[in-house]
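Remarks on the structure that follows.
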Amino acid sequence: MWEKIKEKLLRTISCKSLKARIFIIMIAVGMIPSILLQYGILNSYEDRAVSLRISDVQNQMKIIADHLLNYNYLQDTSSEVINAELDQISNLYNGRVLIINSNFRIVKDTYGISEGKTIISEEVIKCFKGESISNYDKKNGYIELTTPIMFSGSAEYDNPKTGKIQGVMLTSVSTDSIAATLDILGRKAIILQILICVVILGGAAVLSNILVRPFNRLTDAIKDIKEGYTEELAYVPDYAETIHIVDAFNQVLARMKQLNDSRQEFVANVSHELKTPITSVKVLADSLIAQEDVPAELYKEFMEDIAAEIDRENKIINDLLALVKMDKTAADLNISAVNINELTEIILKRLRPIARKRDIEVVFESIRQVTAEVDEVKMTLVITNLVENAIKYNKEQGSVKVVLDADHQFFMLKVSDTGIGIPEESMDHIYERFYRVDKSHSREIGGTGLGLAITRSAVLMHRGSIKLTSVENEGTTFDVKIPLNYIA
Ligand code: ADP
């Protein structure tokens, strides 16, 4: 239980789980835009509020500049009207106004602390040159701006005496109210953000569960197969992907079933083939035991039959062992450079006495000398099986012809006979284990039905090919083609 939870947790943390990925993506897609939006809105509110404040203050200061000139305030600061106006604006914006004359002397400071002092700052000089400046100091929470003192009306402006800048007003206003509004908005945005986060988390959890559900159903269906409730994976039609997985899985299941069936059939065939000689031995032995005073000749005859059956059993077992070895990987091949002409000669020499018994002629036509990289033992099995079959399934006084040729890539071995041939309908089955065209005839002449299965496996292990052509009652030809150089 704990192990399962731990494994699930680990999988979630390492983001291996599809559900966790969907969950994280949804949160990212939902949250990032809302955070950016909140940040953007607050920032643009601040910009707008500050620029509005600057233009408000600037407009008011321009009006006051006109009044200052009308009241000749730069020369005489005693005007109560102007002082009241200046106090009013300082209070309204929680700020400070400095009025500087053309000698850079401060004639009025609403804080009353710098009057009479001289101020030569960059902003003031620029303003005297006609360039009004406004600065927003976010950190300290104020805006500083300069306003030239000059007549704004066109008549005075055009007059060279009154049109020039006669002084500068340096105003600083607090932006605390903007900061306070921003603070309130920021807090509301955080509450909204938390709400959005909760909704998105919930939505993401529900949706990721729903999206992953078909895969969970798929896992359950596979478990059902594992536990043996069903033999085919039920369709999960929710996604194209699940349909493909089910299709692929069912194909694998069908292949496994096919393999299992052929394995069962093979085991049944093996048991049957192994049982037949033993049954014969048992019958022969029982009949001897049942009879009293059996003549010695009969004993000898029965014993010879028993020995023949034991030989047969032995041959089946040897062929089976050879076949099992073939089923192993190609790594088991013992590759060396083999003179195929010599090898064929040796095999034919061994088989000729058997052929001679039935008056069958065995001819070897060697078109060129061939040395190839092959497994000598397995190649011996290939040639032996083909020539042995050509003799076994031949007619009296027939012939067997073996032709060896090669090009720059392959060597070709052709084994043809003038025998009984293979019916068309049997040609597709000839390489199957234990398949025989005529079971009783094959058994009579000592066949096991495994020879061609072994031959084909050995040829394929060498990356070669085997082809059969046959005409019933006329003869059969097997064409084997093997690469001269072994391809791993
Ligand atoms: P077996 O041990 O019975 O010969 P094989 O696997 O070598 O088994 O051959 C399978 C069957 O193919 C044989 O039983 C036989 O019916 C048929 N066969 C093989 N070679 C020939 C051939 N040259 N001519 C006619 N029939 C053949």
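Read-outs throughout are calculated quantities, based only on the coordinates presented, and are distinct from any laboratory measurement. This is a predicted model, so every value here is computed, not measured. With ideal geometry, Cβ positions are generated from the backbone for all residues, glycine too; neighbour counts draw on all protein chains shown.
What residues have an amide H closer than 5 Å to that of F364, excluding those fewer than 5 places away on the same chain, when H is modeled at 1.01 Å from N in the peptide plane?
So F364 has HN proximity to V402.
Can you tell me the dipole magnitude for the stretch 307-450 around its Cα centre, using point charges on the Cβ only (Lys, Arg +1; Asp, Glu -1), in Debye to the nearest 20? Before the final figure, lay out the partial values.
Values: 20 positive and 25 negative charges, 84 e Å.
So the dipole magnitude of the stretch 307-450 works out to roughly 400 debye.
Which whole-Hz couplings ³J(HN,Hα) result when phi for each residue of the stretch 199-211 is put into the Karplus expression 6.51 cos²θ - 1.76 cosθ + 1.60, θ = phi - 60°, listed in order with x for Gly and Pro?
After applying 6.51 cos²θ - 1.76 cosθ + 1.60, I find 4, 5, 4, x, x, 5, 4, 5, 5, 5, 5, 5, 5 Hz.
Name the lysines eligible as straight-distance cross-link partners of K108: C-alpha to C-alpha under 17 Å, and not fewer than 8 places from it in the same chain.
The reachable lysines, counting only those whose Cα sits under 17 Å from K108, are K62, K117.
Along the charge dipole of the chain, Cβ charges K/R +1 and D/E -1, which of L343, S114, V387 sits furthest on the positive end?
S114
Among the listed pairs K300/K378; K282/K392; K300/K325; K315/K467, which are separated by more than 31 Å between their Cα atoms?
Details: K300/K378 38 Å; K282/K392 28 Å; K300/K325 37 Å; K315/K467 26 Å.
Flagged as over cut-off: K300/K378; K300/K325.
Please report M169, M303, M461, M256 as a ranked list, fewest other C-beta atoms within 10 angstrom at the top and most at the bottom.
The order, fewest Cβ neighbours first, is M256, M303, M461, M169.
Where in the stretch 1-110 are there chymotrypsin sites (Phe, Trp or Tyr not before Pro) that are in a DSSP coil and have at most 16 other Cβ atoms within 10 angstrom of their Cβ?
F104
Do the sum for the chain: with -39,500 (n - 2.57) for every DSSP H run of n ≥ 4, divided by all residues, what is the mean residue ellipticity at 222 nm, to the nearest 500 deg cm²/dmol?
Theoretical 222 nm ellipticity from helices: -20000 deg cm²/dmol.
If you scale each eigenvalue of the Cα gyration tensor by 5 and take the root, what three semi-axes come out for the stretch 268-327, rounded to whole angstrom and sorted largest first? Please list the in-between numbers first.
Details: eigenvalues 183, 28, 4 Å².
Gyration-tensor ellipsoid for the stretch 268-327: 30, 12, 5 Å.
Largest first and in whole Å, give the semi-axes of the chain's equivalent ellipsoid, each being the square root of 5 times a Cα gyration tensor eigenvalue.
So the three semi-axes of the chain are 114, 30, 17 Å.
What is the extension gain from W2 to E122, computed as 0.36 nm multiplied by their sequence separation minus the C-alpha to C-alpha distance, in nm to one decimal?
35.9 nm
If you rank C127, C197 by fewest surrounding Cβ atoms within 10 Å, what's the result?
Least crowded to most crowded, the residues run C197, C127.
Can you sort S440, S336 from fewest to most other Cβ atoms within 10 Å of each residue's own Cβ?
Final ranking by Cβ density, sparse to dense: S440, S336.
Could you tell me which GluC sites (Glu not before Pro) in the stretch 321-412 are loop residues by DSSP with no more than 11 other beta carbons within 10 angstrom of their beta carbon?
Those satisfying the criteria are E396.
Counting only Cα, what are the radius of gyration and maximum Cα-Cα distance Dmax of the stretch 335-483, in Å?
Looking at the stretch 335-483, its Cα Rg and Dmax stand at 14.5, 44 Å.
Between F249 and N209, what is the FRET efficiency for a Förster distance of 22 Å, r being their Cβ-Cβ separation, to the nearest 0.05? The partial results should precede the final answer.
Numbers: r = 24 Å, r/R0 = 1.07.
Efficiency at R0 = 22 Å is approximately 0.40.
Suppose R0 equals 35 Å. What FRET efficiency, 1/(1 + (r/R0)^6) with r the Cβ-Cβ distance, do S426 and E232 give to the nearest 0.05?
Efficiency, from the Cβ-Cβ distance: 0.55.
Just to be sure I understand: if I project the alpha-carbon convex hull of the stretch 183-262 onto a plane and average over all orientations, what area do I get in nm²?
Numbers: hull surface 28.6 nm².
Hull-based average projected area comes out at 7.2 nm².
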